[in-house]
1. What number comes out for the charge environment of Met268, summing +1 per Lys or Arg and -1 per Asp or Glu over other residues with Cβ under 12 Å away?
2. Take the solvent-accessible surface of the protein heavy atoms, probe 1.4 Å, and return the percent of it on the range 7-62 that carbon and sulfur atoms account for.
3. I need the peptides 99-112, 249-262 ranked by packing, meaning the mean over residues of other C-beta atoms within 10 angstrom, with the highest value on top.
4. Run the simple label-point estimate for Ala220 and Arg59 please: 7 Å along Cα→C-beta, distance reported in nm.
5. Net charge near Gln250, counting Lys/Arg +1 and Asp/Glu -1 over other residues with Cβ under 14 Å of its Cβ?
6. Report the full-extension gain for the segment Asp293 to Phe39: residue separation times 0.36 nm, less the Cα-Cα distance, to one decimal in nm.
7. Please sort by residue number the chymotrypsin sites (Phe, Trp or Tyr not before Pro) in the range 20-70 whose DSSP state is loop and whose Cβ has at most 13 other Cβ atoms within 10 Å.
8. Can you list residues from other chains, or at least 5 along the same chain, whose modelled amide H is less than 5 Å from the amide H of Glu221?
Amino acid sequence: MQVPGRVTRQILLLSLLVMIVPMIVFPEQFGFRLGQASFRGMAYEFVFYGLVIFLFNRRASLWQLLQISGVCLLYRFGIGVLFGLLITVMYSMQLTVSLILGMFSYLPAVFLHIAAAPFILMPLIRLLYRFERRPQRLAEPVRSDAPPTAEPHQETGPVSLVASKERGYRPPPPPRPKPTQNRRPTGDSKNTVKEVNGFDLATRHVGEDASVQLVTLVDAEGLLLSRFARGDMDAADYAPYSMLFFENAQTVLDRSGLGVSEKMDLIMATNRVILVRDNGICLMVMAERRGDDLLNIRVNQGMDIVKKYMTERYGDNAAANVEKTYVSSTQ
C-alpha cells in the first residue's frame, strides 16, 4: 500500500521535533542518572507500546500488537541513533559514547522517545494494519402480524387411544400437500434466492449511472455494508478511505470552527469522488469526471433509500442497531 505524502511529512516533522527538544537541554539530567541497556527495560518498553496500540485500536489481534510493538521499538532505536549522531556533531564527543547516550543512557531523551514513538507512528499503523471486526448477522425481526403457531396437543398412552376409539373418534386425515407452481424467474437470478435489502438497492441505484466506477456504503466503524463495482475494482481496498476523507477534513474544519462536514465532492483530472454521510453511514462514489449534475441527484436518492430502509427496519435508533451487527451480502 502506498503511504500518502501527508503521513510521511507528519512522521518526519514529529521525529525531528523529538530529536531537537532533548538537544536544547543536553546534558541536563533533571535528577536522572545515566541508564544502562537491559533486556528488562526493553521488555517494559515493548509492553508499553502494545498497551498504547491496544487502547487506541481495540480490534487489533495479539499477533498484530506484537508486530506493531516491534516496529515502535525499532523506530525508537533509530531516533536514538540519530540523536547520538547529533550529539557527536554538536559536542565533538566520541561516536560510540554518543550512540549509547542516545539509545540507552541519557534518560530524558530516551523517555521522550519512548513516550512519543507509538503516537508518531499511529497514522502509519492505521494505514498498514486493517483492524477489522468480525461481523455478526442480525436475527430476522419477528413479524407481529404473523399468526401464532399452536403446538398440537396429543394425548399419549394406550388408555387414551382406546377411549378415543370407543367414542367413535377418528383422527383427522393428514393435510394434502399444496401443488407447487412453476414460476419463471424474473430479472436477476440472484434476487430470486435472496431479497435485495435497502443497502444493496441504494448502491445499485447510484451505480446505474454510466460514469460510476465504484460505490461503497460503510458504517461508523468502517464495516462494509454494501458495494457496487465495475471492472476489476475491489471495494474492500477503497472502502476504508471514505471515513478517512471526513476525518482529515474535520481536522481543518475544527481549526476554522466551520462545523461538521456532511458531503464532499472532489474533482480530479479524470476522476471524481463524492462522499455523503448521515447518521453514522457513509456513501462513497467514485466516477469519471465526465459525469453531469444528475449524478448528485442519484447520490442524494441513494442516501434517502438508506435512511428509509434503516428507519423501517431498525426504528429511531437505526445507527445504534445496525452498528457492529449488520452484514450485507456483497458477493
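The values are calculated or read from the model by the stated rules, or taken from the named source; none is laboratory data. All values derive from a computational prediction rather than experimental measurement. Here Cβ is always computed from backbone atoms with ideal geometry, including for glycine, and neighbour counts include all displayed protein chains. Ligands, DNA and RNA are stripped out before the accessible areas are found, and what is left, the full protein with its side chains, is counted by its heavy atoms. Shrake-Rupley method; radii C 1.70, N 1.55, O 1.52, S 1.80 Å.
1. On the way: positive: Arg272, Arg289; negative: Asp265, Glu288.
Around Met268, the charge tally is 0.
2. Details: 2890 of 4100 Å².
The computed percentage sits at 71.
3. 99-112, 249-262
4. Each label point is offset 7 Å from its Cα along the Cβ direction, giving 1.4 nm.
5. That works out to 0.
6. Numbers: separation 254, 0.36 × 254 = 91.44 nm, distance 6.29 nm.
In short, 85.2 nm is gained.
7. Loop-located and lightly packed - Phe30, Phe32.
8. Distant-sequence amide H within range of Glu221: zero hits.
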